[in-house]
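Beneath this line is the structure, given in structure tokens, with notes to follow.
The values are calculated or read from the model by the stated rules, or taken from the named source; none is laboratory data. Just so it is clear, the structure is predicted and the values come from calculations on it, not from any experiment. Cβ: placed from backbone, ideal geometry, glycine included. Neighbour counts: every protein chain shown. The area values use the complete protein model at the heavy-atom level, side chains included, leaving out ligands, DNA and RNA. Shrake-Rupley method; radii C 1.70, N 1.55, O 1.52, S 1.80 Å.
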Amino acid sequence: QVQLVESGGDLVQPGGSLRLSCAASGSITSIYAMDWYRQAPGNQRELVATITNGGSTNYADSAKGRFTISRDNAKNTVYLQMNSLKPEDTAVYYCNARGIGKYYWGQGTQVTVSS
């Protein structure tokens, strides 16, 4: 099993920045990629960014140029740096860890972008 704990969500003004963190514990050697998803009220959960064990990254079009996913292997933590935030970025952000045949989810952290 893998446990994920997200943190860093907050209320921020448009144009501001936040850094989300996802700390992983447990059977993390089974994980080959980690993702950030988000879900706004009334919307489906959507993939925002991915980072593989090899360090390759991928972003949703809405995140390109504004968000950066990174990892600190020593801390077993994945980050999502979010800049130039917009009201439409408001959502609960979830960390996901992909293992062989299994997906693990965190509890989510709320990001609200509003003036």
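Quick check: anything in the range 95-103 farther than 20 Å from residue 56 by Cα, touching a Leu at 6+ places or on another chain (Cβ under 8 Å) and surrounded by 12 or more Cβ atoms within 10 Å (Cβ to Cβ)?
no
Checking the conditions here, which among 35, 72 is more than 11 Å from the chain's Cα centre (by Cα) and acidic (Asp, Glu)? If you could, list the steps in order and put the result at the bottom.
On the way: 35 fails: more than 11 Å from the chain's Cα centre (by Cα).
Only one candidate qualifies: 72.
Select from the range 47-58 the residues that are within 11 Å of the chain's Cα centre (by Cα) and either open to solvent by 30 Å² or more (accessible area, probe 1.4 Å) or not hydrophobic (A, V, I, L, M, F, W, C) (or both) and list them in ascending order. Explain how you work it out, then say what you get.
From the range 47-58, those within 11 Å of the chain's Cα centre (by Cα) are 47-51; that's our starting set.
Once the filter is applied, which keeps residues that are within 11 Å of the chain's Cα centre (by Cα) and either open to solvent by 30 Å² or more (accessible area, probe 1.4 Å) or not hydrophobic (A, V, I, L, M, F, W, C) (or both), the range 47-58 yields 47, 50.
With the requirement that a residue be at pLDDT 95 or above and either exposed (fewer than 14 other Cβ atoms within 10 Å of the Cβ) or in contact with a Phe, Trp or Tyr (Cβ under 7 Å, 6 or more places away or on another chain) (or both), what does the range 17-29 give you?
Selection gives 17, 19, 20, 21.
Is it fair to say residue 72 is free of Cβ contacts under 8 Å to residues at least 60 places away in the same chain and open to solvent by less than 30 Å² (accessible area, probe 1.4 Å)?
It is false that residue 72 is free of Cβ contacts under 8 Å to residues at least 60 places away in the same chain and open to solvent by less than 30 Å² (accessible area, probe 1.4 Å).
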